[in-house]
Amino acid sequence: MTNKRAASPKELKGIGVSPGIIIGKAHLVDRSKVKIQYQYIIDDRQLDREVERFRQALKITEKQLSTLKDRMPDHVQQHAFILDSHLMILRDTMLNDATIRRILKEKINAEWALKKSLQEIRQIFEQINDDYISSRINDVENVAERILRNLSGEDHAHLSEIRERVIIVAHDLSPADTSELNISRVMGFITDAGGKTSHTGILAHALQIPAVVGLESVTDMVEDGDLLIVDGNTGEVVILPDDNDIIRYQEKQLQHEEYLSVIARTSHLPAVTIDGHRIAVQANMEFLEEVTAVKDYGGEGIGLYRTEFLYLRSKGLPSEEDLFEDYRQVAEIISPAPVTIRSLDLGGDKISSGMEISREVNPALGLRAIRLCLKEPQILKTQLRAILRASAYGQVNLMFPMVSGLREILEAKAILDQAKAELDREKKAYNPDIKVGIMIEVPSAVVMAEVLARHVDFFSIGTNDLIQYALAIDRDNEHVSHLFQPFHPAILRMIHAVVNAAKQTGIGVSLCGEMAGDPLCISFLLGLGLRELSMNARAIPVIKNVIRSITIEEARVDFETMMRFHTAGQVREYALKRTKTLVPELGEKGYLQNHTQDMYPELQT
Ligand code: PEP
Ligand code: MG
């Protein structure tokens, strides 16, 4: 057998899909073994049960620690004090009472509440000017880790392989795998496969797990337990780093965090351009438990709720009641701000265990999204009934994905009408004037935008798929990811055409693809007239900062200049230069590193 281990530090370059710098040990996985640990919001009626579940986990932990201590062999008895101190930590009110208070006050699950308590304790420890005492945080973390294991109950057996906080190294992780990552154990992940806007990356971002994908053959180079540095901002990975590497990355990490903490201070304020134009900055989200993060990051509503992950998490198909509960809570928590719920976009790379979908040679071009729903109208109707019922609890909009022509809109709206009629008969409340929109992400919809606009209340431009379908680039394929070019002149013209069609017809228009969260794209998007953007919640503070640094007139000039270029490279180069001028600290603090040569190879020529 050949030895995979690198002799000296080995630096690799992949695609950073979820920001953050982490240093930790590699854990090679058979992806099926990574197990779930969710963060979720608890219904009022379940709060007592959640507290009880936490108390039970404390009891079990106490028993385990006492048993361990009793069974300690004589020759190591002098170390029993470690377990004594763990027992003391376990009984400390800062850990247990604080967590119970959090569960009740913030209505979140025990795991999440415990993690927050731990975070608070960690901050207090960091302020202690004594190395020995501040290093005791490791003990607190050990205890919390054990409580978390006990909270996970039956799943514990599956988790047994991952014993410490690790960086997952896998050939590939599907979106379903990623949604199941145990976020208390997984520091981040790196994979051989994957592209810039793959759903795996989008989920990692949402779960705040730093990630680098598209490393081609990292699983051949890393061994279990190897020390790794992963920079999710730039896509850099260092295998077996030396001391200098570690210091260098720690400094980068510090700079990055400093910058983010400065802009976070103003992220809850509206995004207004220098000349007073207000831009609606909304968030994309995938899980109910992200709603609070949307608010924390300063999101003014949810411009895209990708609903398919509830289906991916379920064993069969979720019931109308399950869906309704989820949507109602989102609507209520984000209210009075709006939420745009997208109907199922399953298929492609997102397959639910509850659906019979035959394997397709070209899944992205196959039975996906609205096509799948129109073939299985009962599934769509169940979801539409749940969305309609949730519309009685907040400002809910409905949106259909992957529309390629008018027929699909008419068919989907007919099913919506059936769902409304049923609810009328059952005397169930809903908003009869719910706004209905479509995603514009298929080139045929761009061409037909003017016609489609007459049948819907709004458009939301999905550039992730639009780029995939217009440039014929598989968004999940690392081998063509260098050709995935948001600034391709064809894409710019398509976005422009869609915004024009919407404006001429007088309907709303926003953009919810990853371009909305890319600082380089902002002046172009504002310049062509977009006033509503929806993005990954973590991008919001940075994007608001960019919006505040420009006038609409300047943005218009940028837009007109960019429309005159004939290659993506020229546009990108111009956008990079302009963004660095507008927000110099973005360039200085390393945030834009993602946007330089490796991400955009055309700039090298
Ligand atoms: C898009 O395609 O741009 C989009 C926002 O939807 P998704 O990434 O879920 O396909
Ligand atoms: Mg899409």
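The values are calculated or read from the model by the stated rules, or taken from the named source; none is laboratory data. Please read all numbers here as calculations on a predicted model, not as lab measurements. When we count neighbours, we look across all protein chains shown, and the Cβ atoms used for this are built from the backbone with ideal geometry, even at glycine. To get the accessible areas, we keep the full protein, side chains included, count just its heavy atoms, and leave off ligands, DNA and RNA. Shrake-Rupley method; radii C 1.70, N 1.55, O 1.52, S 1.80 Å.
Can you sort H86, H496, H268, H566 by solvent-accessible area, 1.4 Å probe, largest first?
Most to least solvent-accessible, the answer reads H566, H268, H496, H86.
Please report, as a whole percent, how much of the solvent-accessible surface of the chain comes from carbon and sulfur atoms (probe radius 1.4 Å).
Roughly 50 percent of what the probe reaches on the chain is carbon or sulfur.
Given a Förster distance of 25 angstrom, what is the FRET efficiency for L483 paired with Q208, based on the Cβ-Cβ distance and rounded to 0.05?
0.30
Using a Förster radius of 35 Å, what is the FRET efficiency between D130 and V262 based on their Cβ-Cβ separation? Nearest 0.05, please. Could the numbers behind the result be given before it?
Numbers: r = 29 Å, r/R0 = 0.83.
Result of the calculation: an efficiency of 0.75.
Please enumerate, by chain and number, the lysines with C-alpha under 20 Å from the C-alpha of K107, excluding those fewer than 8 residues away in the same chain.
K115, K116, K295
Quick check for you: with a 1.4 Å probe and neighbouring chains kept, what is the accessible area per residue of the chain, in Å²?
Computed with neighbouring chains in place, this is 43 Å² per residue.
K413: which aspartates and glutamates have alpha carbons under 17 Å from its alpha carbon, excluding same-chain residues fewer than 8 sequence positions away?
K413 reaches D345, E376, E422, D424, D433, D457.
Once you put a point 7 Å from the Cα of M88 and another 7 Å from the Cα of Q504, both along the Cβ direction, what distance in nm separates them?
Each label point lies 7 Å from its Cα, and together they span 7.6 nm.
In nm, what is the difference between 0.36 nm times the number of residues separating R122 and E11 and their Cα-Cα distance?
36.8 nm
Using a simple spin-label model with points 7 Å from Cα along the Cα→Cβ vector, what separation in nm is obtained for R55 and T67?
Each label point lies 7 Å from its Cα, and together they span 2.2 nm.
Just check the stretch 496-583 against the gyration tensor rule for me: Cα atoms, a ≥ b ≥ c as the square roots of the eigenvalues, rounded for a/c under 1.5, and otherwise prolate or oblate depending on whether a/b exceeds b/c.
Oblate shape, in that a/c is at least 1.5 and b/c is the bigger or equal ratio.
Counting Lys and Arg as +1 and Asp and Glu as -1, what is the net charge of the other residues whose Cβ lies under 12 Å from the Cβ of V403?
Computed value for this residue: 0.
Using 0.36 nm per residue of separation minus the Cα-Cα distance, give me the extension gain between R425 and N244 in nm, one decimal.
Extra length available between R425 and N244 comes to 58.1 nm.
What longest range of the chain stays clear of loop-exposed GluC sites (Glu not before Pro) (DSSP non-H/G/I/E/B, at most 16 other C-beta within 10 angstrom)?
Values: sites that count: E161, E164, E216, E223, E356, E360, E426.
Longest stretch, sites excluded: 427-605.
Just add up the charged neighbours of Q250: K/R +1, D/E -1, any other residue whose Cβ is under 12 Å from the Cβ of Q250.
With Lys, Arg at +1 and Asp, Glu at -1, the net is -3.
Looking at the calculated P(r) for the stretch 282-428, what percent of the C-alpha pair distances fall above 24 Å? Present the calculation step by step, with values, prior to reporting the outcome.
On the way: 3308 of 10731 pairs.
Counting pairs separated by more than 24 Å, the tail of P(r) holds 31 percent.
Whole-Hz Karplus ³J(HN,Hα) for the stretch 264-274, in order, using 6.51 cos²θ - 1.76 cosθ + 1.60 and θ = phi - 60°, x for Gly and Pro?
Karplus values, whole Hz, x for Gly and Pro: 4, 5, 10, 6, 7, 7, x, 9, 10, 5, 4.
Starting from the Cα coordinates of the chain, work out the convex hull volume and express it per residue in Å³.
Each residue corresponds to 170 Å³ of Cα convex hull volume.
What pairs in K350/K428; K105/K428; K435/K503; K13/K580 have C-alpha atoms more than 27 Å from each other?
K350/K428; K105/K428
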